[in-house]
Amino acid sequence: MQIDRRAFFATLGTTAAIDAMPSEALADALEHHMMETLDEQAATNDLKVRRGAGSLFGGPTPSGGTTEIVKLKTMPEQPTLIDFFKYRFAPATHVLQSATDALKKGEKEELILACLLHDVVLNLIKVDHGWWGAQLLEPYVSAKVSWGIRHHQALRFFPDSSVGYEYPELYNRIFGKDYEPAPYIKRTYEYARNHKWYMEARMITVHDLYAFDPNMKVSLDPFIDIIGRHFKQPKEGLGYDNSPVAHMWRSLIFPDMPL
Ligand SMILES: [Fe+2]
Ligand SMILES: [Fe+2]
C-alpha cells in the first residue's frame with residue numbers, strides 16, 4: 001500500500017507536535033491513517049466499477065487492483081478465436097499456463113482446449129464466469145468441453161483428494177477465510193459430482209492450480225493445431241455468424257460502444 005507521507009504528517013499537526021509524540025502514538029496514528037486510506041481506496045474502486053465487470057470493462061483483478069483501460073486495437077472483419085487471443089484476451093497468461101500444464105501432463109486434446117478457454121470470458125464478465133464462459137463457447141466446442149467449463153466454477157471450492165485437488169490458498173485471500181459458497185454453487189457441485197463428465201470439469205480445476213506462476217513464459221503456438229481440430233471457427237467470423245451468442249463476441253470486439 002502506498003502512503004503519502006506528507007498527507008499523513010499533515011493529519012498530526014505541527015512539526016513540534018510530531019516531535020513531542022511518543023513513538024507508540026505515532027505508530028497508532030500511522031495504522032489509523034492506513035486503515036482510513038484503504039477504506040477510501042476501496043470506496044473509490046467500488047464507485048468506478050462493479051466487481052463482476054470483465055477486464056475489458058475495467059473490472060478488478062483478483063488481487064484487488066483495477067485493470068487499466070487501454071486503447072484497444074481494431075479487430076479483423078472476420079475475427080477468429082486466435083484473433084481474440086491476440087487482440088482482446090492478451091496476455092491470457094493464466095489460461096495459457098493452465099493449458100500448458102494440461103499439455104505437459106499428457107491430457108486429451110479436448111481437455112487441453114477446455115483449459116485454454118476456461119476463463120477467457122473474464123474479459124467480458126467475471127460474475128458466474130463458468131456459466132457465461134460455457135454459453136459464450138457452446139456453439140463452437142463439443143458438449144463435453146462446454147460442460148466442463150460451466151461446472152469448473154462450482155467445483156473449485158470443493159477438494160478432491162483422488163486427483164490431488166486442495167482448496168486453493170488464493171481463495172482465502174479473494175473470498176476470505178470463512179467463505180461459504182452460495183447454496184446454488186453447492187447444488188451445482190452435487191449435481192456435477194455425480195455426472196459422467198465430472199472429471200472434465202474437475203481436471204480444469206486441477207490444471208488451474210498450476211497456472212498462477214508470474215515467471216513462466218507461455219505462448220499460444222502449441223495450441224494452434226488443437227484449436228484447428230476442436231474449435232468450430234465460423235467462416236463469417238466470431239460475432240457475425242448469427243449464432244445465439246454472436247452479440248457476446250461483438251461486445252468483446254466493441255467494448256466502448258455506448259449502446
Ligand atoms: Fe475459472
Ligand atoms: Fe482459472
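Of note:
- Just one of the listed residues (TRP131, TRP147) is aromatic (Phe, Trp, Tyr), in a helix (DSSP H, G or I), open to solvent by 10 Å² or more (accessible area, probe 1.4 Å) and touching a residue at least 40 places away in the same chain (Cβ under 8 Å), namely TRP147.
- Selection count, segment 86-110, where residues are free of Cβ contacts under 8 Å to residues at least 24 places away in the same chain and either of a type in the set (Phe, Trp, Tyr) or within 13 Å of ligand 2 (Cβ to nearest atom) (or both): 1
- Residue within segment 81-100 that is in a loop (DSSP other than H, G, I, E, B), at pLDDT 95 or above and either basic (Lys, Arg) or farther than 29 Å from ALA192 by Cα (or both) present: no
- Yes/no for PHE175 being in contact (Cβ under 8 Å) with a residue 24 or more places away in the chain and surrounded by 12 or more Cβ atoms within 10 Å (Cβ to Cβ): no
- Test: residue in segment 117-126 that is free of Cβ contacts under 8 Å to residues at least 24 places away in the same chain, part of a helix (DSSP H, G or I) and open to solvent by less than 50 Å² (accessible area, probe 1.4 Å): no
Results for (1) at pLDDT 95 or above; (2) aliphatic (A, V, I, L, M); (3) within 18 Å of TYR87 (Cα to Cα), shown as yes or no for each residue.
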site	(1), (2), (3)
VAL206	yes, yes, no
ASP221	yes, no, yes
ILE224	yes, yes, yes
GLY237	yes, no, yes
TYR240	yes, no, yes
PHE254	yes, no, yes
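- Some residue of segment 162-172 being in a helix (DSSP H, G or I) and open to solvent by 60 Å² or more (accessible area, probe 1.4 Å): yes
- Evaluation of GLY133 against (1) within 20 Å of ILE253 (Cα to Cα); (2) away from ligand 1 (no atom under 12 Å from the Cβ); (3) under 14 Å from the mean Cα position of the chain (by Cα); (4) modelled with pLDDT of 95 or more (one fails), failing number: (2)
- Flag for GLU200 being out of contact with any Leu (no Cβ under 7 Å at 6 or more places or on another chain) and of a type in the set (Asp, Glu): no
- Test: ARG250 is outside any loop (DSSP other than H, G, I, E, B) and either more than 21 Å from ILE125 (Cα to Cα) or in contact with an Asp or Glu (Cβ under 6 Å, 6 or more places away or on another chain) (or both): no
The values are calculated or read from the model by the stated rules, or taken from the named source; none is laboratory data. If you're wondering where the values come from, they're calculated on a predicted model, not measured in any experiment. So basically every Cβ, Gly included, is an ideal-geometry build from the backbone, and we count neighbours across all protein chains shown. For accessibility, only protein heavy atoms count, side chains too; no ligands or nucleic acids. Shrake-Rupley method; radii C 1.70, N 1.55, O 1.52, S 1.80 Å.
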